[in-house]
Amino acid sequence: MSRARIESCCAALALTFALPACSGEKAPAPAAAPSPATAAAQAAASPAAESPTAEDKTQATEIFTQRCTPCHGTQGAGDGPASASLTPKPRNFTDAAWQTEVTDDHIEKIIAYGGAAVGRSPAMPANPDLAPKKGVLQALRMHIRGLKK
Ligand code: HEC
C-alpha cells in the first residue's frame, strides 16, 4: 500500500469513526443506528394498533362472506358448497367444545398463514394480504367466535 493510500484510508476512518489516529488496532464496529424504517415497522406492530376498527369489522364481514363461506358455510358449520370434496372437512365453528379449546392466536395464524403452516390441512388457504392487517384478522377471529352456538 502506498503512503498516500494509507493516509487517505486513515482520513476516511477518522472521519467515519472519529478515531484519534491510525494505531493499527482494529476499529470498533460502529453501533447501528436504528433506521427510520425500523422505527416505523415497530410502531406498526405496537399494541396501539391492535383493536379492530369499525372499518376492520366491515372488511372482515365482507371477507368472510366472499372467501370463507364457500368452504366453512354461512353459519360456519363447515358445510359450504366447496366443502363436499374436502378431507378433512372444515371445522364446525358453532361447536362450543372447539370454541373453548382453540386459541385466538391459532385462529388468527391459520387465517393469515394457512393450514399447512400450523400443522393442519393445506386445504385451508393462506391469506397473505391479511397477515399485516392485524385489525382485520382480529375482527375475523371475533366473527368466528360469534358463530358459537
Ligand atoms: C378451500 C376451502 C377453505 C376456505 C376457502 C377457507 N377454509 Fe378455513 N379451513 C378449511 C379446512 C379444510 C380446514 C380444516 C383444517 C384442519 O382441521 O386440518 C379449515 C380450518 C380453519 C380454521 C381452524 C380450525 C382449527 O381447528 O384449526 C379456521 C379458524 C378457519 N379455517 C378460518 C377460515 C377463514 C376465516 C377463512 C376465510 C378467510 C377460511 N377459513 C377459508 C378450508 C377452507
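Bear in mind that the values in this text are calculations on the coordinates, not laboratory data. Source: prediction; values computed, not measured. Note: ideal-geometry Cβ built from the backbone for every residue, glycine included; neighbour counts use all protein chains shown.
Observations on the model:
- Straight-distance crosslink candidates among lysines, where the alpha carbon sits under 29 Å from residue 57 and sequence neighbours closer than 8 are dropped: 89, 109, 133, 134, 148, 149
- Shape call, segment 95-149: gyration tensor on alpha carbons, a/c limit 1.5: oblate
- Under the shape rule built on the C-alpha gyration tensor, where the axes satisfy a ≥ b ≥ c, segment 51-145 is rounded, since a/c falls short of 1.5.
- The slack in the chain from residue 117 to residue 148, taken as 0.36 nm per residue of separation less the alpha-carbon distance, amounts to 8.7 nm.
- Paramagnetic reach from residue 131 (point 7 Å along Cα→Cβ, amide N under 16 Å) across segment 97-119: 108-119
- Efficiency of FRET between residue 83 and residue 51 - r from beta-carbon atoms, R0 25 angstrom, step 0.05: 0.20
- Over segment 51-145, Cα pairs under 8 Å with separation of 6+ residues give a relative contact order of 30 percent.
- Our estimate of slack between residue 61 and residue 100, defined as 0.36 nm per intervening residue step minus the Cα-Cα distance, is 11.8 nm.
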